[in-house]
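Before any comments, here is the structure.
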Amino acid sequence: MSTQQTKALLAASLKELAQFKPVDKITIRELTKNCGLTPPTFYNHFRDKYDLAAWICNRRVEAVVNQLGASLTFEEVLLRWMEILFEDEIFYRNALKNFVGQNSFRYATNDYAINLMREHLAARYELSDELNCCLRFYMRAISETVNDWFLGRRELEPRELAKFLVEWMPPPLKPLLL
């Protein structure tokens with residue numbers, strides 16, 4: 001079995017178990033038993049279940065970010081990000097509500113998105129320390145806003161929220177992302 005197949009099997013197991021149990025209560029033993037693997041196999045691929053949960057989201061987000069500028073605008077990337085959350089709503093709600101702290105799903109996925117955007121922009125532009133700081137600030141603001149919106153009352157439709165997030169973009173980033 002390839003590395004990607006093993007990771008996908010572990011991901012499917014976590015998502016299946018998360019349909020019925022808070023993610024923070026799922027053990028590695030339980031997760032691996034559910035998919036016919038062993039804990040050592042799990043640890044050959046992931047540090048912990050937080051790392052696995054982030055990998056599930058990050059590979060989806062990466063595919064979307066890679067289309068930025070080619071076939072998707074920044075606003076469309078944001079909208080697609082929200083659609084990804086709804087495609088696996090039970091899993092993402094569970095991960096966002098039940099992972100806390102420095103190694104949380106929110107931090108891991110946000111840090112990954114920041115690095116993806118930094119790499120995307122650095123391949124096209126010279127990024128100063130100021131731009132890197134601005135990008136980190138903006139991506140954290142987007143992530144927390146979208147996560148709170150997803151878990152909350154959702155006063156805005158996804159397209160409307162994406163539009164506002166673009167409008168609220170810090171001026172130094174506009175020439176790079178729009």
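The values are calculated or read from the model by the stated rules, or taken from the named source; none is laboratory data. Please read all numbers here as calculations on a predicted model, not as lab measurements. Here the Cβ is made from the backbone with ideal geometry for all residues, glycine too, and neighbour counts use every protein chain on show.
Below are the figures for this structure:
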| quantity | calculated |
| --- | --- |
| Members of segment 122-155 found to be touching a helix residue (DSSP H, G or I) at 6+ places or on another chain (Cβ under 7 Å) and not in a helix (DSSP H, G or I), listed by number | TYR125, LEU127 |
| Residue in segment 94-111 that is among the acidic types (Asp, Glu), more than 12 Å from the chain's Cα centre (by Cα) and under 21 Å from ALA141 (Cβ atoms) present | no |
| Checklist (1) touching a residue at least 12 places away in the same chain (Cβ under 8 Å); (2) farther than 25 Å from LEU176 by Cβ applied to GLU89, failing item | (1) |
| Residue among LYS7, LYS25, LYS15 that alone is exposed (fewer than 13 other Cβ atoms within 10 Å of the Cβ), touching a residue at least 12 places away in the same chain (Cβ under 8 Å) and outside the structural domain of ARG93 (by TED's automatic domain parsing) | LYS25 |
| Residues (farther than 16 Å from ILE142 by Cα and in contact with a Ser or Thr (Cβ under 8 Å, 6 or more places away or on another chain)) located in segment 54-81 | ALA54 |
